[in-house]
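Every read-out reported here was derived from the displayed coordinates using simple, explicitly stated rules and does not represent laboratory data. Values in this document were obtained by computation on a predicted structure and should not be read as measured data. Virtual Cβ from ideal backbone geometry, glycine too; neighbours counted across all protein chains shown.
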Amino acid sequence: MTLEAGGSLKTGSGTGTSSLGSLFKALNSGTTTSRQIVESCLNAIDKRDGSIGAFLHIDRERALQAAEASDLRRSTGEVRGPLDGLPISIKDAICEAGQPATCASRILKGYVSPYSATVIDRLNAAGAIPLGRVNLDEFAMGSSSENSAYQLTHNPWDLTRTPGGSSSGSAASVAARMVPGSLGSDTGGSIRQPASLCGVVGLKPTYGRVSRYGLVAFASSLEQIGPFSLDVFGAAALLQTIAGHDPHDSTCVNTPTEDYLQTLDTPLTDLRIGVPKEYFGEGLDPEVQKIVEEALAVYASRGAKLIPVELPHSKYSVATYYIIAPSEASSNLARFDGIHYGYRSPNFADLESLYAASRGEGFGSEVKRRIMLGTYALSAGYADKYYVKALQIRRLIRQDFDAAFQQCDVIAGPVTPTPAFKLGELADDPLAMYLSDIYTIAANLAGIPAISIPAGWTASGLPVGLQLQGPVFTESRLLRAARMLEIDRPWIDRLPPVAGG
Amino acid sequence: MTQPQQATETSPALPLSDVARIARLARLKLTENELAIYANQLGKILEFMTVLREVDTTGIEPMISAVPCENVFRDDLIVESLPRKLALANAPKTDGKSFLVPNILG
């Protein structure tokens with residue numbers, strides 16, 4: 001591998017961690033050890049997480065033991081790959097045997113996973129070190145961290161603002177330089193939106209690329225587990241580790257994975273970038289628009305062609321998504337019944353009232369709102385009008401992408417209409433919160449991969465992401481395109497105030 | 001993006017009886033206050049959804065998944081499963097062998 005991963009190395013000093021790429025190089029060259037890296041992360045968490053609120057649970061001893069085992073492997077030349085010895089935070093909806101998995105819900109308080117998700121098994125097999133369970137909007141429903149039953153997570157660039165969601169703790173833990181990488185999940189933008197609002201890289205893989213086994217299910221036809229990283233190298237290395245067929249998830253396809261690292265540093269030539277006019281209209285913050293257009297100009301200066309494309313059904317994607325996702329949620333969350341695991345209410349007279357009281361008391365307001373919405377959309381007399389109609393429009397949205405990708409290799413645009421909003425600003429208006437997902441949810445409906453990469457910062461110092469979407473199974477293309485921007489306009493040395501910036 | 005019109009302040013609330021019926025179907029015990037809040041919010045959200053009516057979907061096959069839906073077969077082999085002790089470990093009430101529930105037949 002010949003890799004030029006960016007970022008300065010700051011380990012062992014207690015100032016926190018650097019990128020996965022630079023840590024990988026430092027381990028290879030012997031200038032640091034996994035133990036030093038993990039200690040440095042733990043120090044950074046001790047210093048900063050009081051103001052960030054990313055972590056729900058940390059198993060220090062286990063992480064330090066795993067680090068020592070990695071250092072021992074390295075000393076005997078048995079390194080397992082680019083992530084060996086590197087700590088990764090885990091969204092608290094991805095099961096790890098013996099660790100809590102609360103999904104930031106009261107209903108799963110005290111729950112301990114009896115088994116590990118496939119992605120966790122793969123991280124462990126690659127020598128990576130799961131370091132801490134991080135916060136989310138309850139059951140991955142939300143865009144701000146405000147739906148967590150346990151704590152708010154704050155944006156490292158401005159503590160009064162949201163880090164985004166639902167993978168709030170994943171994005172914030174990486175942006176605040178407490179860990180170099182994280183795993184989150186993306187059902188309607190829950191990786192890309194917080195990555196954009198926190199100034200880190202976040203990738204939603206193609207539906208079926210990564211096993212969902214062990215991810216607590218919210219909307220099974222939409223969600224994927226994916227990586228967060230400070231650098232593109234780290235996102236590629238994480239995807240390389242977790243992608244591929246898994247017999248435990250029948251929707252995880254048996255298509256060979258690419259070597260995402262091999263080609264990473266080779267710029268794409270003759271890249272055709274589709275620019276949909278629907279992504280640059282009403283509702284887009286002018287400063288976000290300017291930053292995204294500047295990023296597109298960087299690509300143009302490197303020989304890419306910018307091609308206007310149309311995604312005419314985009315404007316229906318929010319309504320379509322907020323019928324399909326709650327419908328699936330109302331079915332998936334039926335498993336929380338106060339019988340098999342989780343909270344059981346003491347206020348019941350019979351079995352049915354035990355179910356209803358446990359669920360009514362255990363779930364938070366957004367989760368209940370979505371279960372209600374989904375139950376309504378699936379109920380007798382309404383299913384054709386809402387659910388089936390939404391599935392039909394979902395196909396039209398996918399067909400828009402198929403047609404656009406006849407003319408271009410990737411589609412570029414903003415990730416979110418605005419930079420990070422203030423915590424509390426949208427909390428009482430669910431519909432306004434849903435509308436903030438407008439640019440991200442079409443990729444989930446269509447099943448295509450999409451990445452968010454830092455494109456710039458607003459005048460007030462808030463990060464803004466660029467979104468690149470590609471046809472199915474073009475993760476390699478998206479990562480290479482992302483790397484082009486990273487080479488041209490490196491972002492890693494810009495630190496948030498909480499990390500000394 | 002040309003966004004669909006947000007629902008207005010005067011959006012019709014869902015009738016409380018409908019909200020109560022949906023809550024019953026969803027096995028959610030809600031307070032009176034929650035029922036009233038959801039009646040308003042669901043009314044607004046459902047009004048927002050009516051934008052989908054303007055799309056002609058005649059003859060369009062519903063898309064339930066982004067990957068082809070095919071049966072996935074495996075050999076019928078006995079493999080290790082979750083040990084009973086672990087399967088019961090998170091349950092609110094067990095007798096060490098089974099999940100315990102209130103009497104179903106009076």
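Brief remarks follow.
- Summarising the amide proton neighbourhood of residue A:305: residues at separation of 5 or more, or on other chains, whose placed amide H is nearer than 5 Å comprise A:271, A:272, A:273.
- Between residue A:112 and residue B:98, the modelled label-to-label distance comes to 2.6 nm, taking each label 7 Å out from Cα in the direction of the beta carbon.
- Each of B:65, A:167, B:11 was scored by other Cβ atoms within 10 Å of its Cβ. Listed from fewest to most, they are B:65, B:11, A:167.
- Set of aspartates and glutamates near residue A:109 by C-alpha distance (under 20 Å), chain-local residues within fewer than 8 positions excluded: A:59, A:92, A:96, A:137, A:138, A:146, A:337, A:361, A:366
- On the basis of the beta-carbon distance and an R0 of 30 Å, residue A:310 and residue A:160 show a calculated FRET efficiency of 0.20.
- Pairs over the 18 Å Cα-Cα cut-off, from the set A:277/A:385; A:368/B:44; A:277/A:315; A:315/A:389; A:389/B:29: A:277/A:385; A:389/B:29.
- Under 28 Å from residue A:25, Cα to Cα: lysines that are on another chain or at least 8 residues apart: A:10, A:47, A:91, A:204
- Hydrodynamic radius (Kirkwood) for chain A, which is based on Cα pairs only, to one decimal in Å: 22.3
- Between residue A:350 and residue A:290, the C-beta separation translates, for a Förster distance of 41 Å, into a calculated FRET efficiency of about 0.10.
- Extension gain for the segment residue A:62 to residue A:80, taken as residue separation times 0.36 nm less the Cα-Cα distance, is 4.6 nm to one decimal.
- Calculated [222 nm] ellipticity per residue, helices only, for the protein assembly as shown: -11000 deg cm²/dmol; basis is -39500 (n - 2.57) per DSSP H run with n ≥ 4, divided by all residues, nearest 500.
- Table column - 3J(HN,Hα) (Hz), segment A:458-470, Karplus curve with 6.51, -1.76, 1.60, x for Gly and Pro: 6, 4, 8, x, 9, x, 9, x, 9, 9, 10, 10, x
- Label zone of residue A:269 (point 7 Å out along Cα→Cβ, amide N under 19 Å): in segment A:282-309 this covers A:299-306.
- Averaging Cα coordinates gives a centre for segment A:64-140 and one for segment A:208-287; these two points are 20 Å apart.
- Anisotropy class of chain B from Cα gyration tensor, a/c 1.5 cut: oblate
- Each Lys and Arg contributes +1 and each Asp and Glu -1, all at the Cβ; summed about the Cα centre of the protein assembly as shown, the dipole is approximately 720 debye.
- Intensity falloff of segment A:350-425 expressed as log10 I(q)/I(0), Debye formula with alpha-carbon point scatterers, at q = 0.21, 0.23, 0.25 Å⁻¹: -1.00, -1.03, -1.07
- Residues in segment A:356-372 that a label on residue B:16 would reach, taking backbone N under 18 Å of a point 7 Å out along Cα→Cβ: none
- Here's the picture: a label point sits 7 Å out from the Cα of residue A:298 along the beta-carbon direction, and within segment A:472-489 the residues with their amide nitrogen under 17 Å of it are A:478-489.
- Cα gyration tensor shape of segment A:227-292, rounded if a/c is under 1.5, else prolate or oblate by comparing a/b with b/c: prolate
- Beta bridge orientation in the protein assembly as shown: antiparallel %, DSSP, nearest 5: 70
- Positive-end residue of A:360, A:438, A:213, charge dipole of the protein assembly as shown with Cβ unit charges: A:360
- Put in line by how crowded their Cβ is, counting other Cβ atoms within 10 Å and starting with the fewest, A:68, A:278, A:258 read A:68, A:258, A:278.
- Here the simple spin-label model places points 7 Å from the Cα toward Cβ, and for residue A:380 and residue A:46 these points are separated by 6.2 nm.
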